[in-house]
Amino acid sequence: MIALDQTKLLTETVRGNCLATCLASIFEVSIDSVPAFEELPDPKAWKSSIKEWSAMNGYKATQVKPDKFNNNHYIAIGLHKTGCRHAVVGYQGAIVHDPDRLKAGLESIESLFIFDKI
């Protein structure tokens, strides 16, 4: 895992790219090589897009409950202290990287995306 920081931060007119940054960090690729999930017109399409992109890179992405992590890095999704949804990188039950400049982590975790080699 390489710790990359977001290149797009949440504002009133821009959606942040924390999710793409987490994937780039875990898979050790450039942010530009990951889809811009924040720009998808359907706000729910990011879940299937993560699965498709991961499969193209040899991994199965599975959304699980917050206590079902595996022994690989994963993405934790939940509420940031600002009240918006946010994604961070976790490992063995702990947040190990927050791509946001504040590095505040999550107030609560809703779900995880774990990755297993296909």
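General remarks:
- Whole-Hz ³J(HN,Hα) from phi, Karplus 6.51 cos²θ - 1.76 cosθ + 1.60, for region 31-36, glycine and proline x: 4, 5, 8, 9, x, 7
- Remark: the chain carries a charge dipole of roughly 260 debye about the Cα centre, counting +1 on each Lys and Arg Cβ and -1 on each Asp and Glu Cβ.
- Two-site label geometry, Asn71 and Ile95: point separation in nm, points 7 Å out along Cα→Cβ: 2.6 nm
- Once the Cα gyration tensor of region 44-93 is diagonalised, semi-axes √(5λ) in Å: 20, 16, 9
- Averaging 1/r across all pairs of distinct Cα atoms in region 67-115 and inverting the result yields a Kirkwood radius of 10.6 Å.
- Full extension of the chain segment joining Asp32 with Lys81 gains 14.9 nm, where the gain is 0.36 nm per residue of separation less the Cα-Cα distance.
- Amide proton proximity set for Glu110, modelled H, under 5 Å, gap of 5+: Ile77, Gly78, Leu79
- Along each principal axis, Cα extent of the chain, largest first, Å: 39, 27, 25
- Annotation for region 1-28 versus region 49-81: alpha-carbon center distance of 15 Å.
- Structure remark: mean-square fluctuation, Gaussian network model of the chain, C-alpha springs under 10 Å; the largest value among Asp32, Asp42, Asp67 belongs to Asp42.
- Listed by chain and number, the lysines placed with their C-alpha closer than 24 angstrom to that of Lys60 are Lys44, Lys47, Lys51, Lys68, Lys117; residues fewer than eight positions away on the same chain are left out.
- Taking the inverse of the mean reciprocal distance over all distinct Cα pairs, the Kirkwood hydrodynamic radius of region 1-55 comes to 11.5 Å.
- The Kirkwood hydrodynamic radius of region 18-82, based on inverse pair distances between different Cα atoms, is 12.8 Å.
- Ordering Asp116, Asp100, Asp5 from the fewest to the most neighbouring beta carbons within 10 Å gives Asp116, Asp5, Asp100.
Since every read-out is calculated from the coordinates, none of them should be taken as a lab result. Keep in mind it's a predicted model, so treat the numbers as computed, not measured. Positions of Cβ are backbone-derived with ideal geometry, glycine not excepted, and every protein chain shown enters the neighbour counts.
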